[in-house]
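One structure is given here, and the rest of the page talks about it.
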Amino acid sequence: MRVWHIDHYAAPPTRPGITRQYSLARELIRRGHEVTLVAAAFDHRTRQIVHLRPEEKAKLEQIQGVPFLWTRAFPYQRNSIRRVINMFSFAWRAYKESPKWIKGPPDIIVGTSPNPFAALTAYHLANRYGVPFVLEVRDLWPQTLIDLAGFSHYHPFIVILSLIERILYRRAQAIITLLPGSQEFIAKKRGNSKNIYWIPNGVDFDLIPDPVPPPSAPPFTVMYAGAHGLANGLDIALQAARRLQEEGWGARVQFRFIGDGPEKPRLVHQARAWGLQNVIFEDPVPKKEVYPRLQQAHSFLMILRDSPLFRWGISPNKLFDFMAMARPVLFCVRTPYNPIEEHRAGLTAPPDNPQALAEAIRTLAQTPAEERWAMGLRARAYVEQEHDLRKLAGRFEKVLLAVIKENELKT
């Protein structure tokens, strides 16, 4: 089958960012399918145009065997109206450039949120070619903006996004969601529960090194690697670091934050204002280079703001990367889906509670090293069994082939 997969934020392992689509595409290509990823050449994390020369509007590029069609998108620096224009511009450019650059008509087109305009482009291209449209839901937009950013249901932008959401849910021949509890939410919006599949994020074990014990030398390192955004709750982590420093643990526990995002400058300023000697901020690194850095941790921090949004579950790439490194995870998310607690792979603390987080860190730091290693190995075993992207690609392939077959029977 020939697949066009439109995802504004898809990235190869040579760049920081979300590599799920690259790994799925590579595995489908290994299985004999043709897959082209359509993504923005504007890097969401570094805020730079990559892959395109100044005069280029689009370019088809093979990266480690996976074709990427890079399209230009309007630049922005902060979450303002310019970011909305960026989303619109990518959707329009993807619609214009995909037929010009990708050889042969598709058999199926997949569109991925959280850019709903890009997913709408995938739907319109599928109509243009008379092929099935599959929607992949990574975030529940616009519910994310309502629950996390405090937007009103009646805000004009939310009304527009809600209309697009309804169109996408009802017109998709199948919906793939990354969130383990979201089928009920989507079915209600869709009007039925037919063809809604859960395929979570996972780990690309072609990139992951074999597990090794953590460093034996102090300090006890708590590491976070990922986006520094509104939802990530890193303010709470800084407050926990401040408490530990004030309580005499500053030299015993070190926090390392790797990545970038709109909140990072403010977080860096806050850490300096508080004189935090136990906090280090580091630049983002490409996915293929991040794992040696992750091996330097004694534990990882999976933290999100307290929000009703997460009652539908979470599926962040970083959580499964953390677990694959065979380290215990400090899990600070209010959600009924907690693999850390379920598999005894770390400790859980309530979100938005710096004192509870500080206490959990102290507890973990004082836990015998062999017990922490056992936690890490249980984490690794879980992701090997449930979140290996090679296995998830098989489920993804099965859904796409079933949709194609169903469409052929109708025509």
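FYI, it's all coordinate maths here, none of it is from the lab. As the structure is a computational prediction, the values presented were derived from the model and not from experiment. Using ideal geometry, Cβ is built from the backbone for each residue, glycine included, and neighbour counts are taken over all protein chains shown.
Computed quantities for the displayed model
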quantity	calculated
Neighbour-count ranking [beta-carbon atoms within 10 angstrom, fewest first] of Ile186, Ile102	Ile102, Ile186
Cα-centre dipole for the stretch 220-386 with unit charges at Cβ (Lys and Arg positive, Asp and Glu negative), debye to 20	160
Structure-derived volume of the Cα convex hull per residue in Å³: which label, when the choices are (1) 148; (2) 134; (3) 157	(2)
Antiparallel bridge percentage (DSSP; both residues within the chain; nearest 5)	15
Which of His5, His153 has the fewest Cβ neighbours within 10 Å, and the rest in rising order	His153, His5
Ellipticity estimate at 222 nm from DSSP helix runs (n ≥ 4, -39,500 (n - 2.57)) divided over the chain, nearest 500	-13000 deg cm²/dmol
Point-charge dipole on Cβ atoms (K/R +1, D/E -1) for the chain, about Cα centre, debye to 20	1080
FRET efficiency estimate (nearest 0.05) - Cβ-Cβ, His124 to Val159, R0 22 angstrom	0.60
Using alpha-carbon coordinates, inclination of helix 156-171 to the longest axis of the chain, degrees	60
Sequence of Met323, Met375 once ranked by neighbouring C-beta atoms within 10 Å, starting from the fewest	Met375, Met323
Only Lys, Arg (+1) and Asp, Glu (-1) charged, at Cβ; the stretch 97-215 dipole about Cα centre in debye	700
Computed FRET value (nearest 0.05) for Ala217 with Val268, which takes r as the C-beta separation and R₀ as 25 Å	0.45
Helix axis angle, 20-30 relative to the chain longest principal axis, alpha carbon, degrees	60
Charge dipole (the chain, unit charges on Cβ, about Cα centre) - positive-most of Gln295, Trp249, Ile164	Ile164
Listed peptides 228-234, 67-73 by packing density, highest first (mean Cβ within 10 Å)	67-73, 228-234
